[in-house]
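This report refers to the structure that appears directly beneath it.
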2 protein chains.
Amino acid sequence: MTTANPVLDPARQDLDPLDRLLDPQSIAVIGASTNPAKRGYQAIRALQDAGYAHPVFPVNPTADTILDLPVTSAITDLPYGVDAALIALPAAAVPDALRECARVGIPGAIVLANGFKETGDRGAEAEARLLEAIAESGVRVIGPNTSGMLNVSSGANLVGLPGVPDGPVSIVTQSGNMLLSLVNDDRQLKGPGFHAYVGLGNQSDVRYDECITALARQPETGAVALHSEGFVDGRAVLTALAATTPTTPVVLLRGGRSEIGQRTALSHTGSIAGSDAVATAVLRQAGAELVDRSDELAVIAGTLATTTALPAGKKVAILSDGGGHATLAADALADAGVPLAELADETQAALRRELGTAAAVHNPVDVAGATDADPTVFADCVRTLVTDPEVGLVLIVGLFGGYHVRFDPRLADAEDATARDLLTISADSDIPLLVQSCYAAEDLVNHGVLRAGGVQVVSSIDHAVRAVTALYRRGHRIASASERSTLALPAPTGPTLPAGVLDEPGARRLMEAAGIDVGPWTLADSPEAAAAAVADHGVPCALKVVSAQVLHKSDAGGVILNVTADDARERAAAMLDTVLSHVPDAVIDGIVVTPMADRGVELLVGATHDPIYGPVVAFGTGGVLVEALADVTFRAAPFTELEALEMIDETVASRMLDGYRNLPAVDRGELARFLVRVGDIVASNPQISELDLNPVIASGATVLPVDVRVILSE
Amino acid sequence: MTTANPVLDPARQDLDPLDRLLDPQSIAVIGASTNPAKRGYQAIRALQDAGYAHPVFPVNPTADTILDLPVTSAITDLPYGVDAALIALPAAAVPDALRECARVGIPGAIVLANGFKETGDRGAEAEARLLEAIAESGVRVIGPNTSGMLNVSSGANLVGLPGVPDGPVSIVTQSGNMLLSLVNDDRQLKGPGFHAYVGLGNQSDVRYDECITALARQPETGAVALHSEGFVDGRAVLTALAATTPTTPVVLLRGGRSEIGQRTALSHTGSIAGSDAVATAVLRQAGAELVDRSDELAVIAGTLATTTALPAGKKVAILSDGGGHATLAADALADAGVPLAELADETQAALRRELGTAAAVHNPVDVAGATDADPTVFADCVRTLVTDPEVGLVLIVGLFGGYHVRFDPRLADAEDATARDLLTISADSDIPLLVQSCYAAEDLVNHGVLRAGGVQVVSSIDHAVRAVTALYRRGHRIASASERSTLALPAPTGPTLPAGVLDEPGARRLMEAAGIDVGPWTLADSPEAAAAAVADHGVPCALKVVSAQVLHKSDAGGVILNVTADDARERAAAMLDTVLSHVPDAVIDGIVVTPMADRGVELLVGATHDPIYGPVVAFGTGGVLVEALADVTFRAAPFTELEALEMIDETVASRMLDGYRNLPAVDRGELARFLVRVGDIVASNPQISELDLNPVIASGATVLPVDVRVILSE
């Protein structure tokens, strides 16, 4: 029995299998080769080149040694409990190899082969066999169709890319080329480098959520950079993000946001498409810092990994040595919604003393030539700025570091000293710094000092501002972490209901049972009863027919408005006649009688069961412009009041809540609590596949759905 | 008399003064210095270092030679007709120097000094004296408060920045630091380099419009890159852009778009602020390619200067060697509204033969490993793609050029050959190429081949897509150039009217005189006459009071709706009573009677006299959501029907024109012609400072203003 093989390292056997796989302290290369052109040779070579200091076991049925390592002839001959297997075998051989790995206690494998589901129908059978082997063996699998995995710190280079700089950013992606992009971007940026890379390929077993959690657990990870073309289980990603991001920043670049992009993504990773608007909103809700541009992933992850966030409530100071850059930075921050600090009088007075009359000492501060001959003035200014009560971060823009290039080589020493001073000032004050310099692309000593001290120096104002924006948002999120949802779904509650469209009384009762006020209403069983109900309500009412056969009530004439006690009986009877003339076989189950809604802001509230992220609530502007305006945003349920308030703020509708034109002002807290309750309902009722409250009329502290529509799934 | 001085070069004397200044073939350095720390020394040194091959005349009252050049002791001793003077004197000495320049036939000067209007009140007097000297002398002045000017091709380096690479981009900016940024960006990008730079500083004389025109005239200019914090005469910029951009691309980065940015800009260049939304719309209308990010100016200008635009109607093909980049590029193009070509069956079949079964041969084309061992396949694919009838540009994304770095050094020769092939294919087919490569930042031979052949190679997908977007838009604009406005204002027409708010009959008559149908209306002088008018119209009417004392008719009860012949007299009389109770001293000039508007789409049409750009028309969604939605766009008047149609397309309102919900469809051509007429009115009536047609009800071919409001200035 192979379980009788000697145990390699008993201390590792109790660890989490994925942790062992992602930071392996022994590796078997299955499909090792003596041919330097083959991946099974190059992989061993790459491990040696990267200085991997743990055991490597080449597995090959015929060879004796490969690159001076003794070869094991079969998987089952390996010592028990190697941490990771790199499987460089063709697709057909993979399932058996996984089963054999299990027999010798290998907890995880990286499967390089392609020819699985990413090839469509052709690979479907291979995929099915692979999934079977994964389930039976219990071996955790990264891939297939992956470029591999990399742990820079330990030298576990299972991707074969040399020269990846060691640093704090851990990458998870489905695209091997994105690793190349990120490494090259980091090189161009002279960024902080990388700790780990996981190429998930087809995500047939190990997925994003587990990698996020596992990589964030590794102490070397300062930030996780994700590139994804589609999540298999979006809800698991949300809960992983919600749990991780309060301590470890996660930056996400999504491919396949557009329709054509989704088609492209589908064709090469077999990923599932979904609504971009939903994904954007719920991933952000869960704490991911989303970047829309591929050239931002490296710089934002690098900055978040090395730079502390602005404390909530603090603002940004810009220090520049020329107006052009200061103005552009101020514009870009304004676009991003990041506020500039209003500098205190004392701060401005101190800056004036340091900089003279030509300078601008409000924020943005423009030294206006005062540093051309003496760059140390920069340190003086920053020393002053960090004492200002509003300042939470100083962004230096312009030429800093390049004065000795532009003006006089003799300034180099002063710039180096200033860089060191800046690090000290930042550390002592706990105020982060970020530097944009035209000279960032050159390899200047003083920029090196800053970078080594964790202050990023970039050449693009836009990148700098994007990074500041991420730090600003992160400060807010950290401060409010306890007020946010874990995004875990509660256990389902309530009895199972029959699938289909609920009739309006049923939908209203479902809402009421969940604590949502749908206003007074009566179910009348005849025109006479309806007239009595109108009289009872004492105000003009709306009457709606209830009939399982009448799906579109308005189209069938089944809705009448402004019905008074005087004309109720007659109009109700006429309504039923009209309905029956439209739908002759309609069985009339009754008439819903509700008082006409008061004037208020017309809002749209809805919920769906998103195929990727599960229950999601929608909110936006209701009324006639719904489709043209498409003012709608989303939150994954369940969510908190804070999250509901943020949701409201994202919409055009929010501009109509504070007494817009002649409409009454709306209590945002009440509206938020209403949304929270809707979220709770759909989170705990997995049967609700669609919920429409449209319109909801909001006025003061009243938030009243006029119509309620619920579709239940099995 | 100084005019008796010998004439330096008679052939130059008849040329345009600004052309001489921007491409000087002789230079006087006024304030030349023997002190190497002074600008008056460095300037001469910079000219010598740049290999300036024309005469340089240092002017200094005491020195004999500076840097081996003989010194002229006074401006008036210079030979007659030196092309340009660099004035390196303090502010106070500048006015006299300009007058002396005029006496010796110097047509233009660059004034470096600061201390003018950019310092606010302190510099106001200096500015006034400068303007006087400019007016008296007729010398064209660049500056003051400028870093200078540069003509790379001739070596006329009057800015003192060494090593600016020679190429096709000409820069105009107010910020010297932007030149540094652009030069460093170009260096990082390995971009095509620069022809000229003009630092306008305070724009006290020479402004953007003249520079755009003059630089575009220089044959070395392939594109003009502008950075501006505010135009002094925006209309002149618009007409210059409209005249220039059909032949020479102009790319514009605006600083001071945000409120805080405007304040910052104001503080250091004394620029005028204006509405960002107006500026964005009208500058784009005039043909400028606007970039919002400072890191885009160099790359977009460089690409437009070297790459032909896509012919109108053609689309983009993406060729990638990995899904990740292809998806991101497809997403970004979709965001930008640039369509991907639908490849013909034959194209796809040919690609399939070249690439094998694993590749994706629809667009984006993914070679999926087919090129890893043989990069020449790229050329085969491009050769196929350029034959496709829909393809107007091929964007290559991924690793191209770096295969020999990533996979095997022996691939270098094949990559070099492929680069040469790509140039040939592009030239022969007249289909432009653009390359994004992870390896663009490295100095690879094959990338050098592409760049030297005018094919840009960039490392950011986002930059590549932004450049493709600019080329796509440019193709459309070139094709439609003849259908666009010159943006020149026509001579004012019509009699001068008294300033103030026109009453409604006056406003209606003004519109009618200009050919705008405001629908049937009657001015009644009594409730009885109003009743007769309602009866004449034969439909329910709206009645509005006319009184110079009643500015807000609705608030004063001066508007009543749905008035019928039966109740007209009584309701009109009551309305007048109400008005008089609100405004006791109101003189009633009459009652405007109009039929109630038909159902239709509620639109907003307006016009203002913008302080920077002159008459501008606004269009967007009307009705209750006007302020919340703020759906409004602008065009400078006069404009064409094509421009009006484009204007309509930019709005949310456009989504309601094709039979939205139960509203009638609107004839876009009629709506466009209506907007053109409004534009014509305000363009030829400089007295109209405000025009409001709100709402305008559009339905089918009917476009009817419900209310007309006009404010006239002196």
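Taking +1 at the Cβ of each Lys and Arg and -1 at the Cβ of each Asp and Glu, which of A:223, A:290, A:373 sits farthest along the dipole of chain A towards its positive end, judged by Cα position relative to the Cα centre?
Result: A:223.
Inside 10 Å of the C-beta atoms of B:172-180, what's the mean count of C-beta atoms belonging to other chains?
Working: counts 0, 1, 3, 7, 3, 13, 6, 2, 11.
Mean partner-chain Cβ count within 10 Å for B:172-180: 5.
Show me the three semi-axes of the equivalent ellipsoid for the stretch A:601-712, from the C-alpha gyration tensor (sqrt of 5 times each eigenvalue), largest first, rounded to whole Å.
22, 14, 13
Relative to the longest principal Cα axis of chain A, at what angle does helix A:461-479 sit, 0 to 90 degrees, rounded to 10?
Result, in degrees: 60.
Jot down the per residue volume, in cubic angstrom and as a whole number, of the convex hull over the alpha-carbon atoms of chain A.
190 Å³
Taking residue B:553 as the anchor, which lysines have their alpha carbon closer than 25 Å to its alpha carbon, excluding any fewer than eight residues away along the same chain?
Output for residue B:553: B:544.
Check the straight Cα-Cα distances from residue A:38 and name the aspartates and glutamates below 18 Å, setting aside those fewer than 8 residues away within the same chain.
A:49, A:64, A:68, B:372, B:374, B:408
Consider just the alpha-carbon atoms of the stretch B:232-389 and return their Rg together with their Dmax, both in angstrom.
Cα-based Rg and Dmax for the stretch B:232-389 come out at 21.0, 63 Å.
Pick out, from A:357, A:409, A:452, the residue whose Cα sits farthest towards the positive end of the charge dipole of the stretch A:307-482, with +1 on the Cβ of Lys and Arg and -1 on the Cβ of Asp and Glu.
The listed residue farthest towards the positive side: A:452.
How big is the dipole moment of chain A about its Cα centre under a simple scheme where the beta carbon of each Lys and Arg is +1, that of each Asp and Glu is -1, and everything else is neutral? Debye, nearest 20, please.
Computed charge dipole of chain A: roughly 980 debye.
Let me know the volume per residue of the alpha-carbon convex hull for the stretch A:519-595, in Å³.
Per-residue hull volume (Cα only) is 71 Å³.
Between the stretch B:15-61 and the stretch B:363-395, what's the alpha-carbon centroid distance in Å?
Cα centroid of the stretch B:15-61 versus Cα centroid of the stretch B:363-395: 51 Å apart.
Treat each spin label as a single point 7 Å out from the Cα along the C-beta direction, and report the residue A:479 to residue B:68 distance in nm.
6.5 nm
Scattering from the C-alpha atoms of the stretch B:307-482 alone, worked out with Debye: what is log10 I(q)/I(0) at q = 0.14 1/Å?
Treating every Cα as an identical point scatterer, log10 I(q)/I(0) equals -0.66.
Using unit Cβ charges (K, R positive; D, E negative) and no other charged atoms, how large, in debye to the nearest 20, is the dipole of the stretch A:1-150 about its Cα centre?
On the way: 11 positive and 18 negative charges, 51 e Å.
So the dipole magnitude of the stretch A:1-150 works out to roughly 240 debye.
Find, to one decimal place in angstroms, the Kirkwood hydrodynamic radius of the stretch A:12-146, where the mean of 1/r is taken over every pair of different Cα atoms and then inverted.
Computed over Cα pairs of the stretch A:12-146, the Kirkwood hydrodynamic radius comes out at 14.8 Å.
Measuring from centroid to centroid over Cα atoms, what is the spacing of the stretch A:206-240 and the stretch A:441-506 in Å?
13 Å
Compactness ratio of the stretch B:548-667: Cα Rg over 2.2 N^0.38 Å, N = residue count?
1.39
Taking only Cα atoms, what is the 0 to 90° angle, nearest 10, from helix B:297-306's long axis to the longest principal axis of chain B?
Tilt relative to chain B: about 80 degrees.
I'm a student and want to see the number: the projected area of the Cα convex hull of the protein assembly as shown, averaged over all directions, in nm². Write down the numbers at each step before the final one.
Working: hull surface 246.1 nm².
Hull-based average projected area comes out at 61.5 nm².
So, in nm, how far is label residue A:552 from label residue B:292 when the simple model puts each one 7 Å beyond its Cα toward the Cβ?
So the label points at residue A:552 and residue B:292 sit 3.8 nm apart.
If you filter the stretch A:620-714 for trypsin sites (Lys or Arg not before Pro), then keep DSSP loop positions with at most 16 other Cβ within 10 Å, what is left? All intermediate terms of the calculation are to be shown ahead of the outcome.
Values: sites: A:635, A:655, A:661, A:668, A:673, A:677, A:709; in loops: A:661.
For trypsin sites (Lys or Arg not before Pro) across the stretch A:620-714 that sit outside H, G, I, E and B with at most 16 neighbouring Cβ atoms in 10 Å, the list reads A:661.
What is the helix-to-structure angle for B:668-684, meaning the angle in degrees between its Cα long axis and the longest Cα principal axis of chain B, kept from 0 to 90 and rounded to the nearest 10?
Computed tilt is about 80 degrees.
Just from its helices, what would the mean residue ellipticity at 222 nm be for the protein assembly as shown, if runs of 4 or more DSSP H residues each count -39500 (n - 2.57) and the sum is divided by every residue, rounded to the nearest 500 deg cm²/dmol?
-11000 deg cm²/dmol
Below 14 angstrom from the Cβ of residue A:542, what's the summed charge of the other residues (Lys, Arg +1; Asp, Glu -1)?
0
In square nanometres, what is the average projected area of the Cα convex hull of the stretch A:105-255?
Numbers: hull surface 36.7 nm².
If I average the Cα hull's projected area over directions, I get 9.2 nm².
Choose one of B:548, B:244, B:37: the residue whose Cα lies farthest towards the positive end of the charge dipole of chain B (beta-carbon charges +1 Lys, Arg; -1 Asp, Glu; about the Cα centre).
Most positive-ward Cα: B:37.
Put a dot 7 Å past each Cα toward the Cβ at residue B:497 and residue A:45; how far apart are the dots in nm?
8.4 nm
If we sort A:486-494, A:137-145, A:41-49 on the protection proxy, mean other Cβ atoms within 10 Å, highest first, what's the order?
So the peptides A:486-494, A:137-145, A:41-49, ranked by packing, come out A:137-145, A:41-49, A:486-494.
Assigning unit charges at the beta carbon (Lys, Arg +1; Asp, Glu -1) and nothing else, what dipole magnitude in debye, to the nearest 20, does the stretch B:572-650 show about its Cα centre?
About 160 debye.
Where a Cα-Cα gap under 19 Å defines reach, which lysines qualify for residue B:190, not counting those fewer than 8 residues away within the same chain?
Reachable lysines: A:190.
Any read-out appearing in this document is the output of simple, stated calculations on the displayed coordinates, not a laboratory observation. Keep in mind that what you see is a predicted model, and the values were worked out from it rather than measured. Quick reminder, even Gly has a Cβ in these numbers, built from the backbone with ideal geometry, and neighbours come from all protein chains shown.
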